[in-house]
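Read the structure below first, then the notes.
No value in this document is a laboratory result; all are computed from the given coordinates. Given the structure is predicted, the values throughout are model-derived calculations rather than measurements. Glycine also receives a Cβ, built like all others from the backbone with ideal geometry; neighbour counts cover every protein chain displayed.
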Amino acid sequence: MELITEKLNNIFLKAFRDAGYDEQDIKVGECAIEKFGDFSCQSPLFLAKKYYKAPLIIANDVLSHLPQNEIIKDATVASPGYINFFVDDKYLAKYLQEYLFDVDKARKATGKKMLIDYGGANCAKPLHVGHLRSADIGESIKRIRKYMGDECIADVHLGDWGLQMGMVIYAVWEKHPDLVYFDQEYTGEYPTQPPFSMEELKVMYPDISKRSKEDENLHEKVQQITYELQQGRRGYVALWRHIINASKKLIKQDYDKLNAHFDLWLGESDSKVYQDEVIDYVIKNGYSRKSDGATIVDISLPEDKATIPPFMLLNSAGSALYSTTELATIVQREREHNVDEIMYVVDNRQELHFVQAFRCVKKINILKKDIVLQFVGFGTMNGPDGKPYKTRDGKAMGLDELMGMVKSKALEKVRESRPDYSQHEIENISDVVALSALKFADLSVLRTKDLMFDVDKFCSFEGKTGPYILYTITRANSILAKVEKPSGDFCLLDEDRKLALCLIKFTDSIKQAYEKSAPSYLCDYAYNLANEFNTFYGKSSIIYETNETKKYSKIMLTNYTKNMLKKCMELLAINTLEKM
Ligand code: ARG
């Protein structure tokens, strides 16, 4: 399918050529001022220097050479050298239908295979607000990538190998020191059922983490356990398996609630198979050196403005670290999945860790091909004090608590606006509204920016919010439910052309979202479309329209808008409602 902008670019290219300006890069864009046109060509401005001519003269030359075509209407030259024009209504009506019919089918596989690392929850620790952003943004980027034709593998990359595992093992030991897991002499099979309940598991990490901050001895003990676990002590490994299996169940429930779905449920520990090989490789090839007992790789470059600390391969106790598993995981992903690109959707505050890992990969030349390693960072969700959102006792705000707050606000709003609904209906609607509120708020801010948690704003049915988009979809639906299945000829009325123009801009926004790995462009688009639709709705009396052609056209526009909004929400991984 040739897009309208591509067609227009070609028409203008010919006009420039015929007028004596033989250029390649002639572009048409949106016209900034609505009443002057739908589109505008600003290329004369960029050619003035080269041709020693005023942009206005070039613009007039080009205007007089515009070839015969069915698209451009009322083209005019405007100062300082634009060519503004409208799109012919008949053409727009025809194009809109073709466009909507073809837009999904026109996509082709790009042949690019990528792995996207997002989620990143830590076993035995509850999900917090930072993991929410990773899940939301990562899931949407994955969907956008797939839509655009990339092959995508989603990996949750759980934190299952660090100190927190030592803490939980310690917690179990403290309660039941007599269990076989702690008996070094034991050589038999270990029990198949875990020695703790899910409820117990949830509180073990927070308890030990708090205590080990205040107790040096306890901290050392936990470090020792972690070290022995990593060295493969049988009992610890068996207990660790129980911990990660149980945690995965809890974590999966949370991600399901958020509509985040992964192809791979791997963790840091799964790179273990490659770890020794990678460590040997680095040391044997002389890439590392010892510093204070630790094994490090220097990665700073002469052009660095700020100092980039060395990459840590092993700490002074000889244990692998977060950085070590990162390196081994990259090798694993190349070998097992043969990817062209790995993308990390992780909190901005971890950028340095990734800069170090990527530099190390490059320096040690361990990959067989040139894999694009991309850090896609995001800002924090902040509390009213402008700092990362914390609970009253200073811990990162848990996902459950956060969702709870949004859910009760959504309940309040839905109950208020739908007093006649049953409790059951109100509950169901509020669940969807709450999730849309939280996710849309999270996604609509440009990902690199921080955002402020504001439950009133998130749940509002007005403004750039999830509930507003949901509401618009149900509004379109309620019109469609009231009319009979129409038939007729589609025509575009003058008052409806803005909605039509907005509908055909979907491709531009998804392209931007794809290129910049930023779902916020799709949120902006959905919001603009919802606004245009609500203006259209306010001006039209669709159900009581007596002119059949008009009625048919308005119903079709309503249907197109609904489908387009649903498509956007699907790409953002936000559920919608048919009725509200
Ligand atoms: N588990 C980490 C955390 O909670 C995030 C993991 C991100 N992915 C990665 N490959 N390091 O901070």
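Tell me whether region 362-484 comes out rounded, prolate or oblate; compute the Cα gyration tensor, take square roots of the eigenvalues as a ≥ b ≥ c, and use a/c under 1.5 as the rounded threshold. Here region 362-484 falls in the oblate category.
If the chain linking Ala109 and Lys53 were pulled fully straight, counting 0.36 nm for each residue of separation and taking away their Cα-Cα distance, it would gain 15.7 nm. Once you have a ≥ b ≥ c as the square roots of the Cα gyration tensor eigenvalues for region 460-505, tell me rounded if a/c is under 1.5, and otherwise prolate or oblate according to whether a/b is larger than b/c. Oblate.
Summing Lys and Arg as +1 and Asp and Glu as -1 over all other residues whose Cβ lies under 15 Å from the Cβ of Ala317 gives a net charge of 0. The Kirkwood radius of the chain, taken over pairs of alpha-carbon atoms, gives through the Stokes-Einstein law at 37 °C and 0.692 mPa s a diffusion coefficient of 119 µm² s⁻¹. The Cβ shell under 15 Å around Lys249 holds other residues with a net charge of +1, Lys and Arg each +1, Asp and Glu each -1.
For region 508-580, the calculated P(r) over all alpha carbon pairs, in 5 Å bins from 0 to the bin holding the longest distance, is 3, 15, 21, 21, 16, 11, 8, 4, 1, 0 percent. Protection proxy ranking, highest mean first, for peptides 483-495, 27-39: 27-39, 483-495, where packing is the per-residue count of other beta-carbon atoms within 10 Å, averaged. As a proxy for reagent exposure, Ile510, Ile426 were ordered by neighbouring Cβ count within 10 angstrom, fewest first; the result is Ile426, Ile510. Modelled this way, with points 7 Å down the Cα-to-C-beta line, the labels at Met452 and Asn217 are 4.8 nm from one another.
Kirkwood radius for region 1-64, taken over all pairs of different Cα atoms as the inverse mean of 1/r, rounds to 12.2 Å. Within region 402-554, the percentage of alpha carbon pairs spaced more than 18 angstrom apart rounds to 65%.
Look at where the Cα atoms of region 349-364 and of region 491-549 average out, and the two centres are 43 Å apart.
Computed as a quarter of the hull surface, the mean projected area of the alpha carbon convex hull for region 55-106 stands at 4.6 nm². The slack in the chain from Ala32 to Arg349, taken as 0.36 nm per residue of separation less the alpha-carbon distance, amounts to 110.4 nm.
If you plug the beta carbon distance of Glu23 and Asp393 into 1/(1 + (r/R0)^6) with R0 = 60 Å, you get a FRET efficiency near 0.40. Principal-axis analysis of the Cα atoms of the chain puts helix 466-482 at an angle of about 50° to the longest axis. Computed per residue of the chain from DSSP H runs no shorter than four, each worth -39500 (n - 2.57), the mean residue ellipticity at 222 nm is -17000 deg cm²/dmol. Sorted on the mean count of surrounding Cβ atoms within 10 Å across their residues, most packed first, peptides 393-401, 52-60, 184-192 read 52-60, 393-401, 184-192. Of the residues Leu8, Ile116, Ala75, the one whose Cα sits farthest toward the positive end of the charge dipole of region 1-159, with +1 on the Cβ of Lys and Arg and -1 on the Cβ of Asp and Glu, is Ile116. First measure r as the distance between the Cβ atoms of Lys257 and Glu200, then evaluate 1/(1 + (r/R0)^6) with R0 = 22 Å and state the FRET efficiency to the nearest 0.05. Computed FRET efficiency for Lys257 and Glu200 comes out at 0.50.
At a Förster distance of 35 Å, what's the computed FRET efficiency of Thr192 paired with Glu401, Cβ-Cβ distance as r, to 0.05? It comes to 0.55. Here, region 90-163 is characterised by an Rg to Rh ratio of 1.24, where Rg is the alpha-carbon radius of gyration and Rh the Kirkwood radius. How would you classify region 173-280 from its alpha-carbon gyration tensor, with a ≥ b ≥ c the square roots of the eigenvalues: rounded for a/c under 1.5, else prolate if a/b is greater than b/c, otherwise oblate? Judged from the Cα gyration tensor, region 173-280 comes out rounded (a/c under 1.5).
Separation of region 18-50 from region 118-177 is 48 Å, based on Cα centroids.
Highest mean packing first, where packing is the average number of other Cβ atoms within 10 Å per residue, the peptides 324-336, 289-301, 160-172 line up as 160-172, 324-336, 289-301.
Take every DSSP beta bridge whose two residues both sit in the chain; close to 50 percent of them are antiparallel. Computed from the alpha carbon positions, the gyration tensor of region 140-201 leads to an equivalent ellipsoid with semi-axes of 40, 14, 11 Å, biggest first. How much net charge surrounds Gly286 when only other residues with a Cβ under 14 Å from its Cβ are counted (Lys, Arg +1; Asp, Glu -1)? With Lys, Arg at +1 and Asp, Glu at -1, the neighbours total +2. Each label was represented as a point 7 Å from its Cα along the Cα-to-Cβ direction; for Glu6 and Ser316 these points are 6.2 nm apart. By counting other Cβ atoms within 10 Å of each Cβ, how are Lys272, Lys449 ranked from fewest to most? Lowest to highest Cβ neighbour count: Lys449, Lys272.
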